[in-house]
Amino acid sequence: MRILLAGDSTVAACPPHEAPMSGWGAHLATFTPGVVVHNFAKGGATTTSLRADGLWDALLWEAAAGDIAVLQFGHNDQKQPEVLGARAGYTTNLARMLTEVRQAGAAPVLCTSVQRRAFAAGALVPTHGDYPDAVRDLAAAELVPLIDLTAATTDLYQGLGEDGSRSLFTQFRPGEHPNYPDGVTDDTHFNVTGATAVARIVADALAPVLAMA
């Protein structure tokens, strides 16, 4: 049994020059002992570009009976609404992916997008429009397990508060980290702490799926 991941930079393993930036997929194996995790996610990926880059075919080539394929997109699809609309190209592509995973003998799992850290008046502001609901509806229609990371990360950030939630993200003052000499304020990409926290959420949600695989 293996867990195969497909998604964008919030899932992907980041290169050393971006450390400590990290996607949650890079830490999932910590919480799934005995289960190999293969991460096909890529920074900037959409449901179209991951296929164009050959990474989706690589995942399918590896997929086999007993494996679980976990899909989380949306961040970058949202930036191309004319071709990857929430109820159009985006979910059409996801539905095709579900079919292909099943044809390979593996079991698909859908995730809604992790939330961005965007606060206003002390409350987290949703930034993904209809994309999370579109994934929820697709999962229900296709009878696919859903990990609602939009909801889970909303709760996580709000629990820590506007200031406390900074600790989950890649944020440094100028001169504080050699990889970011000019400083960085990134409310999308996790640091190791944030990526590990989300990986734990994913692992907990996958536990019943793994038990049935």
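Here, each number is a calculation from the coordinates, and none is a lab measurement. Please read these numbers as outputs of a predicted model, since none were measured by experiment. Neighbour counts are summed over all protein chains in view; Cβ atoms, including those assigned to glycine, are modelled from backbone coordinates with ideal geometry.
What are the extents of the Cα atoms of the chain along their three principal axes, in Å, largest first?
Per principal axis, max minus min of the Cα coordinates gives 50, 37, 32 Å.
How much space per residue, in cubic angstrom, does the convex hull of the C-alpha atoms of segment 85-154 take up?
Convex hull of Cα atoms, per residue: 79 Å³.
Please find the FRET efficiency linking A121 to T193, where r is the Cβ-Cβ separation and R0 is fixed at 22 Å, and quote it to the nearest 0.05.
0.30
For segment 157-196, what percent of Cα pairs sit more than 16 Å apart?
35
Just add up the charged neighbours of R116: K/R +1, D/E -1, any other residue whose Cβ is under 15 Å from the Cβ of R116.
Combined, the nearby Lys, Arg, Asp and Glu give -3.
Give me the number: length gained by fully extending E176 to A207, i.e. 0.36 nm times residue separation minus the C-alpha to C-alpha distance, one decimal in nm.
7.4 nm
From the backbone phi of segment 169-174, what are the Karplus-calculated ³J(HN,Hα) couplings (6.51 cos²θ - 1.76 cosθ + 1.60, θ = phi - 60°) in whole Hz, Gly and Pro given as x?
The phi angles translate into 10, 7, 9, 9, 6, x Hz.
So what's the angle, to the nearest 10 degrees on a 0 to 90 scale, between helix 149-164 and the longest Cα principal axis of the chain?
That helix lies at roughly 10 degrees to the long axis.
Take every DSSP beta bridge with both residues inside the chain and express the antiparallel ones as a percent of the total, to the nearest 5.
25
Long-range amide H contacts for R2: which residues qualify at under 5 Å (H placed 1.01 Å from N, peptide plane, sequence gap of 5 or more or a different chain)?
Distant-sequence amide H within range of R2: D67, I68.
How big is the convex hull of the Cα atoms of segment 2-47, per residue, in Å³?
64
Suppose every Lys and Arg Cβ carries +1 and every Asp and Glu Cβ carries -1, with no other charges. What dipole size does the chain come out with about its Cα centre, to the nearest 20 debye?
Dipole magnitude for the chain comes out near 200 debye.
So what J values fall out for segment 200-213 if you push phi through Karplus, 6.51 cos²θ - 1.76 cosθ + 1.60 with θ = phi - 60°, rounded to Hz, Gly and Pro as x?
Couplings: 5, 4, 5, 4, 4, 5, 7, 3, x, 5, 5, 5, 8, 6 Hz.
Between D155 and V36, what is the label-to-label distance in nm when each label sits 7 Å out along the Cα-to-Cβ direction?
Each label point is offset 7 Å from its Cα along the Cβ direction, giving 3.3 nm.
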